[in-house]
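One structure is given below, encoded as structure tokens.
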Amino acid sequence: MDFKHITVLLKETIENLNIKPDGIYVDGTLGGGGHSELICSHLNNEGLLIAIDQDEDAITASRLKLKRFESNIKFVHDNFSNIKNILNSLGIDKINGIVLDLGVSSYQLDKGDRGFSYMHDAKLDMRMDKSKNFTAEDVVNTYSEEKLENIIRLYGEEKWASRIANFIVRERKKKKIERTGELVEIIKSAIPAKARRSGPHPAKRTFQAIRIEVNNELNILEDTIKDVVEFLEVGGRICIITFHSLEDRIIKNTFKKLSRGCICPPDFPICTCNNKSKLKIITKKPIFPSEREIELNPRSRSAKLRVAERI
């Protein structure tokens, strides 16, 4: 199986990890194994990488790709949001760094039968972890019109969310919506022709919103970062790549919260909160892909890398 995925901001991410050859690192989103491969190339015999992915296809493909590093890697089929349980179960109490490359992989988008893409007709699925039962078909056919509108507006930042939700509910009364092709046609009919002529594919934002909902992608981020920070050694780094503004805002704000010391009201004469700063923000502004990278991989265009260090 060929798990094709071009790793975004690869050099920049690994440089910012400040890898110690005998350190313990986590790749929370293994995907095609690009970050993992480069991390392992910096490790000596004492170094260890925990490679996590919720997609079993990614793990199967990466085991082959990274076979020469097998003594340095432990593969884990799980969601990175369970980092606390994963590390505890492996008997690891401290790590030296972690990479999270958020969003959907090229493999998942391009493999038509996974149901992520509005360019391929397939069953409405969109599960990153195929062992889960909840799918895009459940969202599209069971959510109320109001709930559909909310997720399409919030997660997809789609201004036609109200009409799209209305059209979905109207169509599913006639028959269950089971395929991505059907959903694309419903979305197209909901967006006025003039608005469809410019900008991205009319279904792009709605598909993004449903995917985020199916995989609970945003709700887990803040708590995951807080859990990771508790395991980071002083000087250890957390590198997170995001692909849209909602993710990036959560990462930015969580880093900022964890980098603050005293949070008492300004008029308090002495500190009573005893809050200690846990992170130093390394990237005051995010790192973007170079023009060359965008040229070679247009999907990297919206990527942003933020880095923080445990203090």
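Bear in mind that the values in this text are calculations on the coordinates, not laboratory data. What you see is a predicted model; the values in this text were computed from it and never measured. Glycine also receives a Cβ, built like all others from the backbone with ideal geometry; neighbour counts cover every protein chain displayed.
In degrees from 0 to 90, rounded to the nearest 10, what is the angle of the helix 204-215 Cα long axis to the longest principal axis of the chain?
60 degrees
Give me the net charge of ASN88's neighbourhood, meaning all other residues with Cβ under 14 Å from the Cβ of ASN88; Lys, Arg count +1, Asp, Glu -1.
Residues close to ASN88 contribute a combined charge of -1.
What's the magnitude of the charge dipole for the chain around its Cα centre, counting Lys and Arg as +1 and Asp and Glu as -1 at the beta-carbon? Answer in Debye, nearest 20.
1000 debye
Sort THR272, THR60, THR224 so that the residue with the fewest other Cβ atoms within 10 Å of its own Cβ comes first and the one with the most comes last.
THR272, THR60, THR224
Given charges of +1 on the Cβ of Lys and Arg and -1 on the Cβ of Asp and Glu, with all other atoms neutral, how large is the dipole of segment 113-215 about its Cα centre, in debye to the nearest 20?
320 debye
Roughly what angle does helix 245-259 make with the longest principal axis of the chain, taking Cα atoms, 0 to 90 degrees, to the nearest 10?
Value to nearest ten degrees: 30.
What value, in deg cm²/dmol to 500, does the helix sum -39500 (n - 2.57) over DSSP H runs of n ≥ 4 give at 222 nm once divided by the residues of the chain?
For the chain, the value works out to -12000 deg cm²/dmol.
Full extension from ARG249 to LYS11: what is 0.36 nm times the residue separation minus their Cα-Cα distance, to one decimal in nm?
83.4 nm
Sorting check: for 189-196, 233-240, 43-50, which peptide has the highest mean count of neighbouring beta carbons within 10 Å, and how do the rest follow?
Ranked from most to least packed, the peptides come out as 233-240, 43-50, 189-196.
How much length would be gained if the chain were fully extended between ASN166 and ASP113, taking 0.36 nm per residue of separation minus their Cα-Cα distance, in nm to one decimal?
16.4 nm
With the cut-off at 1.5 for a/c, could you classify segment 100-226 from its C-alpha gyration tensor as rounded, prolate or oblate?
rounded
How high is the relative contact order of the chain, given as a whole-number percent (alpha carbon pairs under 8 Å, six or more residues apart)?
About 17 percent, as a whole number.
Counting only the backbone N, which residues of segment 213-252 are under 19 Å from the spot 7 Å out from the Cα of LYS159 toward its beta-carbon?
It comes to 245-246, nothing else.
Multiply the residue separation of ASN133 and ASN85 by 0.36 nm, subtract the distance between their alpha-carbon atoms, and state the gained length in nm to one decimal.
Extending this stretch completely gives an extra 15.1 nm.
Calculate, axis by axis, the spread of Cα positions in the chain along the three principal axes, and write the results as whole Å, longest axis first.
59, 59, 40
Using a Förster distance of 41 Å, how high is the FRET efficiency between SER144 and ARG196, based on the Cβ-Cβ distance and rounded to 0.05?
E(calc), rounded to 0.05, equals 0.95.
Of LYS84/LYS280; LYS111/LYS284; LYS194/LYS285, which ones are farther than 27 Å apart at the Cα?
LYS111/LYS284; LYS194/LYS285
Quickly work out the LYS74-to-ASP121 label distance, labels modelled 7 Å from Cα along the C-beta direction, and quote it in nm with one decimal.
According to this spin-label approximation, the distance is 4.7 nm.
What pairs from LYS226/LYS276; LYS94/LYS226; LYS65/LYS94; LYS67/LYS130; LYS11/LYS204; LYS204/LYS257 go past 22 Å between their alpha carbons?
With Cα atoms farther than 22 Å apart: LYS65/LYS94; LYS67/LYS130; LYS11/LYS204; LYS204/LYS257.
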